[in-house]
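**Student:** Attaching a single structure in structure tokens format; questions to follow.
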Amino acid sequence: MKISFDLRFAHLPGGGRVYVRRLITTLPLEYPDNHWVLYHNRWCPHQQEIIRGLYSLVPPECQGNIELRSVRAPILSLRHHIEFLRFQDTSELYHYPHFDLPLGLRRVPIVITLHDLYPLSDSGYCSAVKRAYFYRLTRQAVRRAKRVIAISEYTKNEAVRLLEVPAEKIAVVPQSHDPAHHPIDDTDLLSRIREKYNLSEHFIFYTGNHKPHKNLVRLFNSYARLPGELRKAYPLILAGKLSPQTNQLVSRAAELGIKKNVTFLGWVAADDLPALYNLASLVVLPSLYEGFGCAAVEAMACGTAVACSNGGAIPEVAGTTVRFFDPYSEEDMTAALAMSLANDVDNPQVREAGIRRAEQFSIYKTARLTYKVYQEAMKNEL
């Protein structure tokens, strides 16, 4: 089978980039007899990193089954739609891992992936005009697609509710964690990462972007409610690309008197994340909404305690192995943080339960389920 896969979503920060990287470096290894056509931007370092990683994994005799097609346009742009008018895709299937399906793409069966729909469900996320634009694009995408992949039951239900997609057209294929996320016994490696980022012996860790739905202002307010001794013992460390929202968070930390307890690492290399999870005493995920919640699974895979929101798909993914809180209640979040620090950190039962839960989200399972969707789309089975 000749399959086209669009890598261009990989330049955006967040779980989508992780999804693309893990899936496309696994599918060609699991199904090497297929011909893989990868759409990419030459100028994007993240996409080139994925391609280099894929070539390093694929045996030389199978590398001829990988074809690169450069697209001179980013996603979420007008040119993105126009650019595909010039392509004659002869693949048997095209997988676009986002809602912004190029309108110029024709005459090829399509599979799309929906990660979340918060631009549609959250009226405060963007302007009414932009929300209407997203809605029309997403509606067109799900109608044109032979099959739709949702990364959680929650996202599937949102697609049925907001976009009126027939439930039988949607396959739930959960995201996965990278095999690199596991407990690390290499003390030299952990020491290097601790020194690299100037980390204290104990800390609370957040990784992700700083957009409003990540609920970091409430996290700061809740963290400020903790006793001063506890904040001193467990500083709050945030990893993620710095943005205009970061400046607001820095100001809020100063207003709350916790600036000395809060550190923004900025963007960190993906290779460093497993060690950061291992070094953390507690990982916190305070989001109002998540289509999946990668950080929770990655932290559990590393054997680290997790305190997280009960919003969106997070309870579905995390199961009963984490400590939940109401993301709209600062009192509840503060209580959960305090309880986690007192009872969950370095708790062997919590550690083992998290590792077992994370094992359910294998990249190989995700790849197999994705390929099954491809086969169903080719047969037009619903």
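Read-outs throughout are calculated quantities, based only on the coordinates presented, and are distinct from any laboratory measurement. Only a predicted model underlies this, so the values are computations on that prediction, with no experimental measurement involved. Cβ atoms come from the backbone with ideal geometry, glycine included; neighbour counts cover every protein chain shown.
**Student:** Given a cut-off of 28 Å, name the pairs among Lys196/Lys241; Lys196/Lys259; Lys130/Lys259; Lys214/Lys260; Lys156/Lys259 whose C-alpha atoms lie farther apart than that in the structure shown.
**Tutor:** Numbers: Lys196/Lys241 17 Å; Lys196/Lys259 21 Å; Lys130/Lys259 35 Å; Lys214/Lys260 22 Å; Lys156/Lys259 40 Å.
Table pairs above 28 Å Cα-Cα are Lys130/Lys259; Lys156/Lys259.
**Student:** Here's a follow-up. Taking the Cβ-Cβ separation of Ser362 and Tyr135 as r and a Förster radius of 41 Å, what is the calculated FRET efficiency to the nearest 0.05?
**Tutor:** Given R0 = 41 Å and the Cβ-Cβ separation, E is 0.75.
**Student:** Taking Cα centroids, how far is the range 1-47 from the range 256-327 in Å?
**Tutor:** 26
**Student:** Fewest first, what order do Ser222, Ser70, Ser176 take by the number of other Cβ atoms within 10 Å? Don't skip to the answer; put the middle values down first.
**Tutor:** Working: Ser222 24, Ser70 11, Ser176 28.
Result, fewest neighbours first: Ser70, Ser222, Ser176.
**Student:** Within a Cβ distance under 12 Å of Tyr94, other residues only, what is the Lys/Arg minus Asp/Glu net charge?
**Tutor:** Overall, the nearby charge balance is +4.
**Student:** Given only helices, namely DSSP H runs of n ≥ 4 each adding -39500 (n - 2.57), what is the per-residue ellipticity at 222 nm of the chain, to the nearest 500 deg cm²/dmol?
**Tutor:** Rounded to the nearest 500, it is -12500 deg cm²/dmol.
**Student:** Can you tell me how much longer the chain between Glu49 and Glu316 gets when fully stretched, taken as 0.36 nm per residue apart minus their C-alpha distance, in nm with one decimal? Working shown, then result.
**Tutor:** Values: separation 267, 0.36 × 267 = 96.12 nm, distance 3.16 nm.
Between Glu49 and Glu316, full extension yields an extra 93.0 nm.
**Student:** Label-point separation (nm) for Val172 and Glu61, each offset 7 Å from Cα along Cα-to-Cβ?
**Tutor:** My value for the distance between the label points is 4.1 nm.
**Student:** Determine the gain in length on full extension of the stretch Ala128-Leu256; use 0.36 nm per residue of separation and subtract their C-alpha separation, reporting nm with one decimal.
**Tutor:** 42.8 nm
**Student:** I've got another one for you. List the equivalent ellipsoid semi-axes of the range 187-358 in whole Å, largest first, each obtained as the square root of 5λ for an eigenvalue λ of the Cα gyration tensor. Write down the numbers at each step before the final one.
**Tutor:** Details: eigenvalues 87, 74, 52 Å².
Whole-Å semi-axes of the equivalent ellipsoid: 21, 19, 16.
**Student:** Quick one: which of 108-119, 353-364, 147-158 comes out on top by average Cβ neighbours within 10 Å, and what's the full order, highest first?
**Tutor:** Sorting 108-119, 353-364, 147-158 by mean packing, highest first, produces 147-158, 108-119, 353-364.
**Student:** The range 84-140: Rg/Rh from Cα coordinates, Kirkwood Rh?
**Tutor:** When Rh is taken as the Kirkwood radius, the ratio is 1.06.
**Student:** Also, I was wondering about something else. For a Förster distance of 22 Å, can you work out the FRET efficiency between the beta-carbons of Asp346 and Phe264, rounded to the nearest 0.05?
**Tutor:** Rounded to the nearest 0.05, the efficiency is 0.30.
**Student:** Right, here's the next one. Using Stokes-Einstein with the Kirkwood hydrodynamic radius over Cα pairs, what translational diffusion coefficient do you get for the chain at 20 °C and a viscosity of 1.002 mPa s, in µm²/s rounded to a whole number?
**Tutor:** 99
**Student:** Rounded, prolate or oblate for the range 186-232? Axes are the square roots of the Cα gyration tensor eigenvalues, ordered a ≥ b ≥ c, and the cut-off for rounded is a/c under 1.5.
**Tutor:** Judged from the Cα gyration tensor, the range 186-232 comes out oblate (a/c at least 1.5, b/c at or above a/b).
**Student:** List, in order, the whole-Hz ³J(HN,Hα) value for each residue of the range 182-196 obtained from phi through the Karplus relation with A = 6.51, B = -1.76, C = 1.60 and θ = phi - 60°; use x for Gly and Pro.
**Tutor:** With the stated coefficients, the range 182-196 comes to 7, x, 10, 9, 6, 5, 5, 4, 4, 5, 5, 5, 4, 6, 4 Hz.
**Student:** Now a separate question. If you take the beta carbon distance between Arg161 and Leu78 as r and set R0 to 30 Å, what does 1/(1 + (r/R0)^6) give as a FRET efficiency, to the nearest 0.05?
**Tutor:** Efficiency, from the Cβ-Cβ distance: 0.55.
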